[in-house]
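Undergrad: Handing you this structure, nothing more for now.
The values are calculated or read from the model by the stated rules, or taken from the named source; none is laboratory data. Just so it is clear, the model here is predicted, and its values are computed rather than measured. Don't worry about glycine lacking a Cβ; one is built from the backbone with ideal geometry, like all the others, and counts go over all protein chains shown. Side chains included, ligands, DNA and RNA excluded: accessible areas come from the protein's heavy atoms. Shrake-Rupley method; radii C 1.70, N 1.55, O 1.52, S 1.80 Å.
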Amino acid sequence: MYDVLPYPSTKEPWLTTARWRAVERHFREMVMRAGYREIRTPILEPTELFKRSIGEATDIVSKEMFTFVDRGERSLTMKPEGTAPAVRACIEHGLFAEHGLLKLYYIGQNFRYERGQKGRYRQHQQLGVEVFGAHDPAIDAEVLALAMNFFTSLGVRCKLHINSVGTAECRARYREALKAYVAPSLQHLSEEGKMRYEVNPLRMLDTKDQRDLAILAGAPVLRDFLTDDSSKHFEQLQGYLAALNIPFAIDDGLVRGFDYYSGTVFEIKGEGLGAQDALGGGGRYDGLVEECGGTAVPGLGFGIGMERCLLALEALGIQPPQEDESPIAFIITAGEQPAVRTTAVTLLHSLRSSGIAADMDYLGKNFRRQFKRADDLGSRFYIIIGEDEVASGTVQLKERTTGEQQKIDIDSVVQYLSGKAL
RNA sequence: GCGACUGUAGCUCAGGUGGUUAGAGUGCCAGGUUGUGGCCCUGGAGGUCGUCGGUUCAAGUCCGAUCAGUCGCCCCA
């Protein structure tokens, strides 16, 4: 768990709201250019939704969900990922019927009950897209290209790993072949491997255990069990990626931790991130909508880890362009007459109403300290109001960088600064 | 869920083998006449030493537990 702060801390510079907004804006602009529309779904969903979609035998569902019973005896779960809730919402609101092709994006919080680590948090944010309705491998290419472009345009170096897990039938045939291959060596498999053999054989491939890797070295490859259609789809995708100059590596062991994937799957790995190096991942889930109670609509998408992206940027010393949060003008008051403060408060309000970022002191600081406050905030102009100015209906307007100061009519301040603020 | 390491002002860190009122730098606040800022000078506030328990005449320091964080396993974003 962590807090995102308004000011940078020396310890965790990436945990600042300005930096988060910068990355979020980068993502939003990119996907909106590509025609994606935002969807927001609730944090709480019926537990059943995730059991059905992600699969009961996966790590996420079996041991990593924040699940509880509410006062109405319903089992609810804080969403561990964004795809299933999006599918649920689209079914519920008839979006599939209304749009032949549906392109969605989301920025949302996910929750997984895991041991915290750098780059792995019990609450984490994902930036993702989901596309529904298309089988065309060109849309697979679009989705992968978006995910890769998100990182490369930020300056993050990363590698794209792809694979195809085929249709449910492909996987069923492969599962048997894999089990048959491993069966003679079953006793030599790690405990984890043995468990996966029983519960979710495909996950045996996703191991780092040296002995298991040795046993699996000559195992049959899932890709050889793909139907002609699946094979062709995967090859076409590779052709598009090549045409787009997106380097990729085919990873036979890439299986992913959700059961709903079919066909294309991929993962993006960053460099120098330690154990948690998966920056993002996703794939195709052609059976998911039907599984969740909708019509047969194909789909695919990806999720990008916000924290890992920020960590990668931090490690590379990259600062995405941030919004300027400094005021344009800071009002400084002098003198004890109540009219001075009233004039200042009124002018401040006018400036802000006209879209000019402005501020003033509320701590009763003396004249000199008010200047210091304005400097600390990075204000471009000082507006000085004293008893003389109030009497003559003017203000002293001083520019910080040049030190130039002029007396101008108080009624023309807004107009003057509007010109300068551009 | 498993293993290793860490835990002292807001932040970065000092505090040999247990011994009086726990320090520094930085930041913060104030003052250097509330009519001209950045620098500078002076002063001040701020810590039940992660928490609980134990050993001891005495614990920031030793022991245990617990929590949190970091790193690795696992998994993934």
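Undergrad: Does region A:377-422 hold any residues that are among the β-branched types (V, I, T) and either open to solvent by less than 70 Å² (accessible area, probe 1.4 Å) or touching a residue at least 12 places away in the same chain (Cβ under 8 Å) (or both), and which are they? Give the derivation first.
TA: Let us first name the residues in region A:377-422 that are among the β-branched types (V, I, T), namely A:383-385, A:390, A:394-395, A:401-402, A:408, A:410, A:413-414.
Of everything in region A:377-422, those that are among the β-branched types (V, I, T) and either open to solvent by less than 70 Å² (accessible area, probe 1.4 Å) or touching a residue at least 12 places away in the same chain (Cβ under 8 Å) (or both) turn out to be A:I383, A:I384, A:I385, A:V390, A:T394, A:V395, A:T401, A:I408, A:I410, A:V413, A:V414.
Undergrad: Please find, within region A:365-393, the residue that is farthest from A:A344 (Cα to Cα) out of those that are part of a strand (DSSP E or B) and more than 9 Å from RNA strand B (Cβ to nearest atom).
TA: From region A:365-393, those part of a strand (DSSP E or B) are A:381-385; that's our starting set.
Still in the running and more than 9 Å from RNA strand B (Cβ to nearest atom): A:381, A:383.
On the way: A:F381: 14, A:I383: 9 Å.
Filtering region A:365-393 for residues that are part of a strand (DSSP E or B) and more than 9 Å from RNA strand B (Cβ to nearest atom), the one farthest from A:A344 (Cα to Cα) comes out as A:F381.
Undergrad: Looking at A:S9, A:S53, A:S75, which is the one that is more than 16 Å from RNA strand B (Cβ to nearest atom) and polar (S, T, N, Q)?
TA: After ruling out the rest, the residue left standing is A:S75.
Undergrad: If a residue must be under 17 Å from the mean Cα position of the chain (by Cα) and part of a loop (DSSP other than H, G, I, E, B), how many such residues does region A:109-137 contain?
TA: Filtering region A:109-137 down to residues under 17 Å from the mean Cα position of the chain (by Cα) leaves A:109-112, A:118-131.
Retained after the next criterion (residues that are part of a loop (DSSP other than H, G, I, E, B)): A:112, A:118-119, A:121-122.
Here the count works out to 5.
Undergrad: Let me ask something additional. Can you tell me which residue among A:F248, A:F266, A:F234 is open to solvent by 40 Å² or more (accessible area, probe 1.4 Å) and not polar (S, T, N, Q)? Walk me through it before giving the result.
TA: On the way: A:F266 fails: open to solvent by 40 Å² or more (accessible area, probe 1.4 Å); A:F234 fails: open to solvent by 40 Å² or more (accessible area, probe 1.4 Å).
None of the others qualify; the one that does is A:F248.
Undergrad: Which residues, counting only those in region A:253-286, are near RNA strand B (Cβ under 10 Å from one of its atoms) and of a type in the set (S, T, N, Q)?
TA: A:Q276
Undergrad: Taking region A:138-169, which residues are assigned to a helix (DSSP H, G or I) and within 13 Å of RNA strand B (Cβ to nearest atom)?
TA: Going residue by residue through region A:138-169, those that are assigned to a helix (DSSP H, G or I) are A:138-154, A:168-169.
Answer for region A:138-169, where residues must be assigned to a helix (DSSP H, G or I) and within 13 Å of RNA strand B (Cβ to nearest atom): A:A147, A:M148, A:F150, A:F151.
Undergrad: Right, next: When you go through A:K179, A:K232, A:K194, A:K269 one by one, which is the residue that is assigned by TED's automatic domain parsing to the domain that holds A:T58, basic (K, R) and free of Cβ contacts under 8 Å to residues at least 24 places away in the same chain? Please lay out each step first, then the result.
TA: Numbers: A:K179 fails: assigned by TED's automatic domain parsing to the domain that holds A:T58; A:K194 fails: assigned by TED's automatic domain parsing to the domain that holds A:T58; A:K269 fails: free of Cβ contacts under 8 Å to residues at least 24 places away in the same chain.
Residue meeting the stated conditions: A:K232.
Undergrad: Any residue that is within 11 Å of RNA strand B (Cβ to nearest atom), modelled with pLDDT under 90 and open to solvent by 50 Å² or more (accessible area, probe 1.4 Å) - is there at least one of those in region A:315-331? Talk me through it step by step, then tell me what you get.
TA: Residues of region A:315-331 within 11 Å of RNA strand B (Cβ to nearest atom): A:315, A:330.
Now restrict to residues that are modelled with pLDDT under 90: A:315.
Now narrow it down to the ones that are open to solvent by 50 Å² or more (accessible area, probe 1.4 Å): A:315.
Looking for residues that are within 11 Å of RNA strand B (Cβ to nearest atom), modelled with pLDDT under 90 and open to solvent by 50 Å² or more (accessible area, probe 1.4 Å), one finds at least one in region A:315-331, hence yes.
Undergrad: Scan A:L49, A:L15 and give me the residue that is open to solvent by less than 30 Å² (accessible area, probe 1.4 Å) and modelled with pLDDT under 90. Can you show your working first?
TA: Details: A:L49 fails: modelled with pLDDT under 90.
From the options A:L49, A:L15, the qualifying one is A:L15.
Undergrad: Right, next: Could you list, in sequence order, the residues of region A:259-288 that are in a strand (DSSP E or B), of a type in the set (A, V, I, L, M, F, W, C) and over 20 Å from A:F234 (Cβ atoms)? Don't jump to the end; show me each part of the working.
TA: As a first pass, look at region A:259-288 and keep what is in a strand (DSSP E or B): A:264-270, A:278-284.
Right, trim to of a type in the set (A, V, I, L, M, F, W, C) and you get A:265-266, A:268, A:278-279.
Residues satisfying the conditions are A:A278, A:L279.
Undergrad: Tell me, which residue of region A:176-230 that is hydrophobic (A, V, I, L, M, F, W, C) and in a loop (DSSP other than H, G, I, E, B) is nearest to RNA strand B (Cβ to nearest atom)?
TA: Going through region A:176-230, the residues hydrophobic (A, V, I, L, M, F, W, C) turn out to be A:177-178, A:180, A:182-183, A:186, A:189, A:195, A:199, A:202, A:204-205, A:213-217, A:219, A:221-222, A:225-226.
Filter once more, so that each one left must be in a loop (DSSP other than H, G, I, E, B): A:189, A:217, A:219, A:221, A:226.
Numbers: A:L189: 12, A:A217: 16, A:A219: 16, A:V221: 18, A:L226: 21 Å.
My answer is A:L189.
Undergrad: Output the number of the condition that A:L144 fails; it satisfies all remaining conditions of (1) touching a Phe, Trp or Tyr at 6+ places or on another chain (Cβ under 7 Å); (2) modelled with pLDDT under 95.
TA: Unmet condition: (2).
Undergrad: Right, something else. For region A:137-151, name all the residues that are open to solvent by 20 Å² or more (accessible area, probe 1.4 Å) and either outside the structural domain of A:Q238 (by TED's automatic domain parsing) or under 15 Å from A:V31 (Cβ atoms) (or both). Even if it seems obvious, please write down each step before you answer.
TA: The first filter runs over region A:137-151 and keeps only residues open to solvent by 20 Å² or more (accessible area, probe 1.4 Å), leaving A:138, A:142, A:145, A:149.
Listed by number, the residues that qualify are A:E142, A:A145, A:N149.
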